[in-house]
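A.B. asks: Take this structure, written in structure tokens, and hold onto it; I'll ask about it next.
None of the figures in this text is laboratory data; all of them are computed from the coordinates on show. Please read these numbers as outputs of a predicted model, since none were measured by experiment. FYI the Cβ positions are ideal-geometry reconstructions off the backbone, even for glycines, and counts take in every protein chain you see.
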Amino acid sequence: MSDSIIIATRESPLALWQAEHVQKLLRERYPQKEVQLLGMTTRGDKILDKTLSKIGGKGLFVKELEVAMQERAAHLAVHSLKDVPMELPEGFVLAAVSEREDPRDAFVSPKYETLESMPAGAVVGTASLRRELMLRSRFPHLTVKPVRGNVGTRLKKLDAGEYDALIMASAGLKRLGLEERIREIISDEISLPSPGQGALGIECLADDKETVEAVSFINDEKTRACCLAERAVSRALDGSCQVPLAAYATIDGETMRLRALIGDHTTGELASAERLGSWHDSQKLAAQVVEDLLKQGARRYIEKLIGKSEVTK
């Protein structure tokens with residue numbers, strides 16, 4: 001490998017924190033190397049007046065970073081794993097998945113202590129169809145409105161009175177030192193996390209064996225198994241920003257517990273499934289959960305939200 005390692009990163013505060021975190025790990029591991037950041041602005045960062053489901057999905061946050069790697073301007077990119085499309089482009093590989101931060105959702109509000117205490121008509125902001133599904137299913141008396149922008153931008157909109165509360169990822173708030181803004185960590189029994197939520201994914205070119213090997217020490221085997229099981233569920237059920245889907249795996253000893261749900265965020269109707277099995281057979285477990293969801297009619301939600309012609313399963 002060359003004397004330097006270049007990390008492509010979005011320039012939002014959270015993305016920079018994530019890249020700097022990996023930069024620190026690499027510097028400690030390889031003190032003889034210069035580890036640099038290549039800051040970039042992606043289409044997902046530029047288009048803030050539309051929801052991701054309407055402008056192309058999660059891939060808008062990673063495409064420019066992948067081009068930088070293809071052009072050999074960078075060796076790797078650091079992503080919030082929940083923002084990585086379920087299918088990587090040909091030639092790329094998920095080289096490492098970091099140990100997970102808190103994967104649960106957070107309730108943020110200057111007015112109310114808990115989600116349950118909000119009165120009818122109160123306005124909750126979220127950028128996620130999954131969270132919107134949860135709100136419409138469990139708290140139908142609340143008004144749900146979309147909110148885009150980075151963490152700081154969303155909080156400014158909240159503080160300006162545009163919303164009574166926000167539902168956000170607790171991991172991002174904690175990483176940015178904003179834990180004091182969290183009024184309540186929402187139980188995963190109430191709001192099931194998104195696939196990969198709380199974990200960092202390191203993406204490299206598949207043929208760049210040196211970089212793949214260099215970042216391998218960051219990989220946490222059990223976190224990776226959980227996240228790959230979650231992503232397998234999402235992939236099988238058209239895991240895009242157009243379909244509200246949650247999948248969350250935990251490991252206790254040798255046993256993985258995998259839960260997932262899919263539904264219609266406009267009505268709150270949903271199907272859910274849960275399976276237990278060996279964490280070494282996580283892909284088999286994911287296939288069983290997908291089968292359970294399909295038996296409950298998951299396909300009809302997909303067909304309604306993205307169109308029958310696009311449904312292949």
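A.B. asks: Relative to the present Cα-Cα distance, how much length would full extension add between Gln283 and Lys33 at 0.36 nm per residue of separation?
C.D. replies: 86.3 nm
A.B. asks: Taking neighbour counts of Cβ atoms within 10 Å as a proxy for exposure, in what order, fewest first, do Trp279, Trp17 appear?
C.D. replies: Least to most surrounded, the residues fall as Trp17, Trp279.
A.B. asks: Given R₀ = 45 Å, what would the calculated FRET efficiency be for Glu213 paired with His141, taking r from the Cβ atoms and rounding to 0.05?
C.D. replies: 0.25
A.B. asks: Given points 7 Å out from each Cα along the Cα-Cβ axis, report the Lys111 to Glu221 separation in nanometres with one decimal.
C.D. replies: Each label point lies 7 Å from its Cα, and together they span 5.0 nm.
A.B. asks: Along each of its three principal axes, how wide is the spread of alpha-carbon positions in the range 180-292, in whole angstrom units, largest first?
C.D. replies: 49, 38, 30
A.B. asks: Among the aspartates and glutamates, which have Cα under 14 Å from the Cα of Lys157 when same-chain residues fewer than 8 positions away are ignored?
C.D. replies: Within reach: Asp49.
A.B. asks: Follow-up. Take Leu293, Leu133 and order them by how many other Cβ atoms sit within 10 Å, fewest up front. Intermediate results must be reported in sequence, preceding the final value.
C.D. replies: Details: Leu293 24, Leu133 29.
Lowest to highest Cβ neighbour count: Leu293, Leu133.
A.B. asks: Further question: Pop the C-beta distance of Lys156 and Glu11 into the FRET formula with R0 = 25 Å and round what comes out to the nearest 0.05. Don't jump to the answer; show the numbers that get you there.
C.D. replies: Values: r = 18 Å, r/R0 = 0.70.
The computed FRET efficiency comes out at 0.90.
A.B. asks: In the chain, if the dipole is taken from +1 on Lys/Arg beta carbons and -1 on Asp/Glu beta carbons about the Cα centre, which of Leu16, Met134, Ala214 is farthest to the positive end?
C.D. replies: So the residue we want is Met134.
A.B. asks: Give me the percent relative contact order of the range 242-313, please, defined on Cα pairs under 8 angstrom at least 6 residues apart.
C.D. replies: 28
A.B. asks: Sticking with this one: If the only charges are +1 at each Lys and Arg Cβ and -1 at each Asp and Glu Cβ, what is the size of the charge dipole of the range 81-142 around the Cα centre, to the nearest 20 debye?
C.D. replies: 320
A.B. asks: Taking all pairs of different Cα atoms in the range 94-253, averaging 1/r and flipping that mean, what Kirkwood radius in angstroms comes out?
C.D. replies: 16.9
A.B. asks: Give the Rg/Rh ratio for the chain, taking Rg as the radius of gyration of the Cα atoms and Rh as the Kirkwood radius, to two decimals.
C.D. replies: Value, to two decimals: 0.96.
A.B. asks: Determine the alpha carbon to alpha carbon distance for each of Lys82/Lys156; Lys222/Lys295; Lys174/Lys209; Lys82/Lys111; Lys24/Lys63; Lys24/Lys82 and list only those over 31 Å.
C.D. replies: With Cα atoms farther than 31 Å apart: Lys174/Lys209.
A.B. asks: Right, next: Helix 129-138 versus the longest principal axis of the chain: what angle, 0 to 90°, nearest 10, using Cα atoms?
C.D. replies: With rounding to tens, the tilt is 30 degrees.
A.B. asks: Using the Kirkwood radius over C-alpha pairs as Rh, can you work out the diffusion coefficient of the range 229-306 via Stokes-Einstein at 4 °C, viscosity 1.567 mPa s, in µm² per second?
C.D. replies: 105
A.B. asks: Follow-up. What do the square roots of 5 times the Cα gyration tensor eigenvalues come to for the range 124-207, in whole Å, largest first, as semi-axes of the equivalent ellipsoid?
C.D. replies: 24, 17, 13
A.B. asks: Still on this structure, I have one more. Give, in nm to one decimal, the length gained when the segment between Val93 and Glu291 is fully stretched (0.36 nm per residue of separation minus the Cα-Cα distance).
C.D. replies: Stretched out fully, the Val93 to Glu291 stretch lengthens by 68.6 nm.
A.B. asks: In percent, what relative contact order does the chain have, based on Cα pairs under 8 Å that are 6 or more apart in sequence?
C.D. replies: This gives 20 percent for the chain.
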